[in-house]
1. Where only protein heavy atoms count, and the probe is 1.4 Å, what is the accessible area per residue for the chain in Å²?
2. To the nearest 20 debye, what charge dipole does the chain have about its Cα centre, counting +1 at the Cβ of each Lys and Arg and -1 at the Cβ of each Asp and Glu?
3. If you roll a 1.4 Å probe over region 12-212 with all protein chains in place, what percent of the accessible area is carbon or sulfur?
4. Enter the Cα centre distance for the pair region 123-153 and region 69-91, rounded to the nearest angstrom.
5. For region 12-212, build the charge dipole from Cβ charges (+1 Lys, Arg; -1 Asp, Glu) around the Cα centre, then report which of 104, 206, 78 sits farthest towards its positive end.
6. Rounded to the nearest 500, what is the 222 nm mean residue ellipticity of the chain from helices alone, with -39500 (n - 2.57) per DSSP H run of 4+ residues and division by all residues?
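The values are calculated or read from the model by the stated rules, or taken from the named source; none is laboratory data. None of these values were measured; they are calculated from a predicted model. Every residue, glycine as well, gets a Cβ built from its backbone with ideal geometry; the counts of neighbours run over all protein chains shown. Ligands, DNA and RNA are stripped out before the accessible areas are found, and what is left, the full protein with its side chains, is counted by its heavy atoms. Shrake-Rupley method; radii C 1.70, N 1.55, O 1.52, S 1.80 Å.
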Amino acid sequence: MSYTISKVETDFPKLNSFLKKVIESPKQHFLWLNTLSLLEHIGSRKILLTQSNQNTSEMILRHATEEARHALFFKKAANSYREDQEATYKNNELLRGSSAKIYFAKLDASVRKELKKSNIAPEHHSFLSYLYTTTLIELRALDVYESYNQILRNTLASFQLDNLILEEEGHLDEMQKEIMSLDSEYMTRLERLIQKENTLFSKLLNQFILAVV
Ligand SMILES: [Fe+2]
Ligand SMILES: [Fe+2]
């Protein structure tokens, strides 16, 4: 994998201590898995809602399908902690569900704002917005999923994220190629957006930590 784009900043000690804590309690682990399912589902739904048009490509269809599959994967893992009824996406069955939704919405708004300031023709904004938002989320997801996967491996959990991580890496590569060909200023634009994502994720992680203390 050849990432020419910058990485997000991740406080790994903080992230790992949260992840270790969250999996200690089956109830909390359930909430965490269901929240990951929701985030994957929001991603998949958003791709279909915003990128369905005459130009809808194989890449878009594959991407939406894979994110939907990730949502299902985490939902099934969450349900494995449930004996009575299936998990819903109601707030009381999520780990700081509102904060997770806010993270996604604010990230999306930051990307759209950034594109509005640019000289890029408005007809390209929707597709570029999809590419940038996805890139930021994939960069973050890879750090979180790799750390989480390591912990799952160490604790001999019944499921692991190897295939899911490979698919997220594939998405990141595809987004990167498209962005580079469509936006000549992608390096500086992405750098600014990564700073914004760092702030938003740091707030979200603090919320997650508060929920498991
Ligand atoms: Fe995903
Ligand atoms: Fe993805």
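1. Using a 1.4 Å probe on heavy atoms only, each residue of the chain averages 52 Å².
2. Rounded to the nearest 20 debye, it is 820 debye.
3. 55 percent
4. Region 123-153 and region 69-91 have Cα centres separated by 21 Å.
5. After comparing all options, I get 206.
6. Value at 222 nm, helices only, nearest 500: -26500 deg cm²/dmol.
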